[in-house]
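Below is one structure; the comments refer to it alone.
The values are calculated or read from the model by the stated rules, or taken from the named source; none is laboratory data. The model shown is predicted, which means the values in this text are computed figures rather than measured ones. Cβ atoms come from the backbone with ideal geometry, glycine included; neighbour counts cover every protein chain shown. Side chains included, ligands, DNA and RNA excluded: accessible areas come from the protein's heavy atoms. Shrake-Rupley method; radii C 1.70, N 1.55, O 1.52, S 1.80 Å.
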Amino acid sequence: LDNSYIYFDHASTSHPKPPCLWLAIKNYLETIGASPGRSSHRLSKLAHNQIIQTKNLLARLFHLPKGDNIYFSSNATTGINLILKGFLKQYDHVITTNLEHNSVLRPLEKLKITRSVSYDIVFSDSEGRFQLSEFEKKITSQTKLFVINHGSNVIGVTTPIKEIAEICKKYRIKLLVDTAQTAGLIDINLTHMDEIDFLAFTGHKSLLGPSGIGGFYVKDPFCIDTLYEGGTGTNSHTLIHPETPPFKFEAGTLNYLGIAGLGATVNWLLEQNFLNFFEHEMNITEYCMQKLQEIEEVILYGPRTIESKLPLLSFNLKGFYAGEVSYFLDEQFQICTRPGLQCAPLVHKTLGTFPHGTVRLSFGHTNTFEEIDYFIQAIKKILSLKK
Ligand SMILES: Cc1ncc(COP(=O)(O)O)c(C=O)c1O
C-alpha cells in the first residue's frame with residue numbers, strides 16, 4: 001500500500017479533500033480577501049458574489065430553483081440549534097428518533113429545561129427500521145415538529161424520509177431533516193420533498209469542504225426567530241435586527257474562506273456526478289461487510305444488506321472493547337477508525353452496545369478494495385493477539 005495510513009473515518013470528516021478546495025481558499029485570500037455587504041467597493045462585491053455562487057451551487061445539489069432559502073452557519077450543529085431554538089415555543093412537543101446525534105438530542109434536552117418543551121422518541125429495531133405507525137401514535141395536540149436523521153452515523157441506515165414527510169403533511173407538523181451524513185452522498189430533492197420545512201447540512205463530510213462551514217435550509221424564514229443578532233451591514237440605523245433573509249440568520253462576519261472552499265467542492269461534486277462516488281463506496285462497503293461476516297468473532301451491527309444504507313459499518317470483536325480494536329488498528333496497522341458512541345448514545349442502547357460502543361468504519365471515494373483486504377488481515381492479526 002502506498003499511503004502511510006488508511007483513512008476509514010469519513011463519517012467524522014472527509015479526508016483527503018479534493019485539490020479544488022485549497023485552490024479556492026488560496027484564490028479567495030489572494031484575489032478577494034474582503035467582507036461582503038459591509039462596503040461597496042469592488043472586492044466586497046466579489047465576496048458577495050462568492051456567497052451567492054456557493055448558495056446557488058447548494059441549491060442545485062438540493063434541486064432548488066435558487067439558493068435564497070439557504071443560510072450559512074458553522075456546521076450542522078449550529079444550524080440545528082438555530083432551527084430548534086428559533087422555532088420551538090413553550091410547551092411545544094417534538095417527535096424524534098433513537099438514531100439522532102447529540103446535536104439534536106442535547107438542544108432538545110436543553111429546551112426541556114428552559115422552555116418546558118417535551119419530546120418523544122420513536123425507536124427503530126436494531127437494523128434501523130421503523131414502524132411508521134409509531135410516529136403517528138406519538139402525535140399530540142402540542143406536536144409542532146418532527147426531527148429526523150436522514151442517515152445514521154452509527155449504523156449507516158437511511159430513514160424513509162418521504163414516508164415520514166407524508167405523516168407530517170397529513171397532521172400539519174413541521175419537519176426538520178438532519179442531512180449531516182447524507183448531503184453530497186445521496187440525492188436529496190427538496191423540490192420533490194416539499195414537505196421538508198427545515199434541513200441542516202455540514203460542509204466538511206461528504207460535501208468535501210473545510211471544517212467550520214455548514215448551513216441550513218428554511219422553507220419559510222418568517223416562521224423562526226433569530227438565535228443571534230448583530231451586524232449585517234444593512235439597516236444599521238436601527239437597533240432592531242433585520243427580519244429580512246438572509247440577514248436575519250447571518251449576523252456577523254461569516255466564514256468566507258469556508259464558503260469559497262465549499263462552493264468549489266460542491267461544484268466539483270456536481271461535475272463529477274457524486275452519485276458515482278456513492279456507487280463505488282457502496283461496493284466497497286458490501287465487500288467489507290461480506291469479509292467481516294466470514295470472521296466468526298466479528299459482530300456486525302445495523303442493516304444486513306446495503307439497501308437503504310450509507311458507506312459505513314459498525315462492528316465489535318468478541319472479547320475486545322471497541323476502543324482497544326481502534327487503538328490496535330491505528331497503532332499497529334495505520335488504519336484510522338472511530339470507536340465509541342459516535343455522539344449518538346440512544347442507537348447504541350438499541351444495539352446493546354452502550355456504553356462502550358462500536359468500531360466504526362466509514363468510507364470515501366478514495367478508498368480501495370485493496371485497503372479493505374489489508375484491513376481484514378489486520379483484524380485477523382488483532383484476533384490472534386488474544387488466542
Ligand atoms: C447525524 C449527524 N448529525 C449531526 C452531526 C453534526 O455535524 P457537525 O459536527 O458538523 O455539526 C453529525 C456529525 O458527526 C452527524 O453524524
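Among the residues of region 212-236, those identified as part of a loop (DSSP other than H, G, I, E, B), hydrophobic (A, V, I, L, M, F, W, C) and within 16 Å of the ligand (Cβ to nearest atom) are ILE213, LEU227. Within region 313-352, being more than 23 Å from ILE284 (Cβ to Cβ), more than 16 Å from the ligand (Cβ to nearest atom) and surrounded by 20 or more Cβ atoms within 10 Å (Cβ to Cβ) holds for no residue.
Can you tell me how many residues within region 56-69 are more than 16 Å from the ligand (Cβ to nearest atom) and either among the aliphatic types (A, V, I, L, M) or not in a helix (DSSP H, G or I) (or both)?
Adding up the residues that qualify gives 8.
Applying the condition of being surrounded by 15 or more Cβ atoms within 10 Å (Cβ to Cβ), under 30 Å from GLY184 (Cβ atoms) and aliphatic (A, V, I, L, M) to region 121-154 and asking which residue is nearest to the ligand (Cβ to nearest atom) yields VAL154.
When region 220-273 is filtered for residues that are β-branched (Val, Ile, Thr) and open to solvent by 40 Å² or more (accessible area, probe 1.4 Å), the ones remaining, listed by number, are THR238, ILE240, THR244, THR253. Every listed requirement among (1) assigned to a helix (DSSP H, G or I); (2) within 16 Å of the ligand (Cβ to nearest atom) is met by GLY364 save one, (1). When restricted to residues that are open to solvent by 10 Å² or more (accessible area, probe 1.4 Å), in contact with a Ser or Thr (Cβ under 9 Å, 6 or more places away or on another chain) and part of a loop (DSSP other than H, G, I, E, B), region 93-120 contains 1.
Only one entry in GLU250, GLU229, GLU297 is in contact with a His (Cβ under 6 Å, 6 or more places away or on another chain) and among the acidic types (Asp, Glu), namely GLU229.
Residue-by-condition table, conditions (1) at negative phi; (2) among the aromatic types (Phe, Trp, Tyr):
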| site | (1), (2) |
| --- | --- |
| ILE139 | yes, no |
| LEU145 | yes, no |
| GLY151 | yes, no |
| PRO160 | yes, no |
| CYS168 | yes, no |
| ARG172 | no, no |
| GLN181 | yes, no |
| PHE201 | yes, yes |
| GLY214 | yes, no |
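Residue count for region 25-55 satisfying the condition of being part of a helix (DSSP H, G or I), open to solvent by 70 Å² or more (accessible area, probe 1.4 Å) and among the charged types (D, E, K, R): 4.
Tell me yes or no: at least one residue of region 174-193 is open to solvent by less than 40 Å² (accessible area, probe 1.4 Å), over 30 Å from LEU300 (Cβ atoms) and within 16 Å of the ligand (Cβ to nearest atom). First the steps, then the outcome.
Initially, region 174-193 is screened for residues open to solvent by less than 40 Å² (accessible area, probe 1.4 Å), giving 175-186, 188-190, 193.
Checking the rest, the ones that are also over 30 Å from LEU300 (Cβ atoms) come to 175-176, 189-190, 193.
Still in the list and also within 16 Å of the ligand (Cβ to nearest atom): 175-176.
The answer is yes, given that some residue of region 174-193 is open to solvent by less than 40 Å² (accessible area, probe 1.4 Å), over 30 Å from LEU300 (Cβ atoms) and within 16 Å of the ligand (Cβ to nearest atom).
Taking the criterion of being more than 25 Å from GLY156 (Cβ to Cβ), more than 15 Å from the ligand (Cβ to nearest atom) and of a type in the set (A, V, I, L, M), the only residue of region 78-103 that qualifies is LEU88. If you check ILE382, ILE376, ILE299 for being part of a helix (DSSP H, G or I) and touching a strand residue (DSSP E or B) at 6+ places or on another chain (Cβ under 9 Å), only one passes: ILE382.
Scanning region 81-136 for residues that are more than 15 Å from ILE148 (Cβ to Cβ) and of a type in the set (D, E, K, R) gives LYS85, LYS89, ASP92, ARG106, GLU109, LYS110, LYS112, ARG115, ASP125, GLU127.
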